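Notes for the one structure printed next.
The values are calculated or read from the model by the stated rules, or taken from the named source; none is laboratory data. Just so it is clear, the model here is predicted, and its values are computed rather than measured. Note: ideal-geometry Cβ built from the backbone for every residue, glycine included; neighbour counts use all protein chains shown.
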């Protein structure tokens with residue numbers, strides 16, 4: 001790129017802020033958010049210029065689709081074009097996680113505080129004595145962005161960094177996720193340490209009847225009609241990002257992301273072009289009349305949930321406002337779809353938001 005081209009790039013057209021952009025809170029930050037923002041205190045002159053632009057982007061709601069996974073946070077920044085920026089944090093080693101597990105296992109009140117969205121000082125002090133620092137240093141951060149800026153963090157990476165300060169202040173558990181483990185993973189390890197080997201949820205029970213093997217290719221009854229819509233603003237490579245950073249010293253996500261997106265688009269095209277197929281049915285066998293259940297069949301509930309999430313990300317309350325079912329049945333359905341990798345979630349408590357993968 002020549003200097004003239006660089007000059008033209010710096011004067012790119014500024015796009016309108018997205019309607020679903022995240023905006024920095026005007027409330028004073030707690031100690032977690034303050035400590036996170038202080039990591040930028042040691043930036044160089046060129047980096048400080050980009051940091052100020054990124055902070056302005058974040059304040060004006062130009063960051064959308066923030067996604068936090070083990071070791072990485074990413075989002076789309078709509079400013080001088082639409083760019084995908086990511087921030088990587090060094091994940092803890094096995095020894096560091098063992099120290100964290102020992103501290104949490106010895107004091108259940110610390111676990112309770114984390115689950116309530118608090119990061120207790122006692123936990124930080126105990127980990128400090130074991131040389132485990134929850135808050136990363138600037139050297140433990142790395143940035144990547146599709147804008148191609150030669151100085152990192154660029155303005156787009158800096159805007160993701162600032163939006164994260166609000167997210168971490170509201171949910172300190174995200175700091176542990178950035179260090180390598182999700183809340184579910186951490187709680188599963190704690191339960192295993194306490195001797196609880198029972199799975200959280202089983203997709204099948206021992207009481208379920210096995211399918212008959214006499215004619216596997218013939219349906220026993222009518223095949224339900226299942227239709228869903230693919231979201232136009234689906235998160236790019238959501239499944240790939242949910243896996244977190246690949247093992248090893250080389251970051252494979254930027255290399256795999258175009259391949260992942262290409263495969264996803266081909267799959268969508270294939271599904272949309274599938275012809276209507278008719279399935280042979282076995283002869284109807286008279287059976288005793290059964291009472292029609294009041295609730296919709298499982299496949300209808302699945303279809304309804306998928307259609308709602310295909311339109312936009314939604315909380316449990318927002319989904320319940322759109323479909324007719326009980327809260328407990330909806331949560332079970334969301335749990336199954338999440339285990340199957342069809343949907344993902346962010347946030348905690350009442351602020352949990354589900355979105356279609």
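Filter region 308-322 down to the residues that are exposed (fewer than 15 other Cβ atoms within 10 Å of the Cβ) and in a helix (DSSP H, G or I), then identify the one that is modelled with the lowest pLDDT. So, considering only residues that are exposed (fewer than 15 other Cβ atoms within 10 Å of the Cβ) and in a helix (DSSP H, G or I), the one modelled with the lowest pLDDT is 311. Within region 167-188, restricting attention to residues that are assigned to a helix (DSSP H, G or I) and in contact with a strand residue (DSSP E or B) (Cβ under 8 Å, 6 or more places away or on another chain), the residue that is surrounded by the fewest Cβ atoms within 10 Å (Cβ to Cβ) is 167. Look at (1) surrounded by 15 or more Cβ atoms within 10 Å (Cβ to Cβ); (2) assigned to a helix (DSSP H, G or I); (3) modelled with pLDDT under 75 and you find that residue 330 fails only one, number (3).
Please verify whether residue 136 is buried (at least 20 other Cβ atoms within 10 Å of the Cβ), closer than 25 Å to residue 29 by Cβ, in contact (Cβ under 8 Å) with a residue 60 or more places away in the chain and under 23 Å from the mean Cα position of the chain (by Cα), treating the condition exactly as stated. Spelling it out, it is not the case that residue 136 is buried (at least 20 other Cβ atoms within 10 Å of the Cβ), closer than 25 Å to residue 29 by Cβ, in contact (Cβ under 8 Å) with a residue 60 or more places away in the chain and under 23 Å from the mean Cα position of the chain (by Cα).
So residue 81 passes all but one of these: (1) crowded, with 19+ Cβ neighbours inside 10 Å; (2) within 24 Å of residue 253 (Cα to Cα). Which condition number does it fail? With respect to (1) crowded, with 19+ Cβ neighbours inside 10 Å; (2) within 24 Å of residue 253 (Cα to Cα), residue 81 is out only on (1). In region 118-130, the qualifying residues are those that are farther than 16 Å from residue 178 by Cβ and in contact (Cβ under 8 Å) with a residue 24 or more places away in the chain, and the one that is nearest to the chain's Cα centre (by Cα) is 118.
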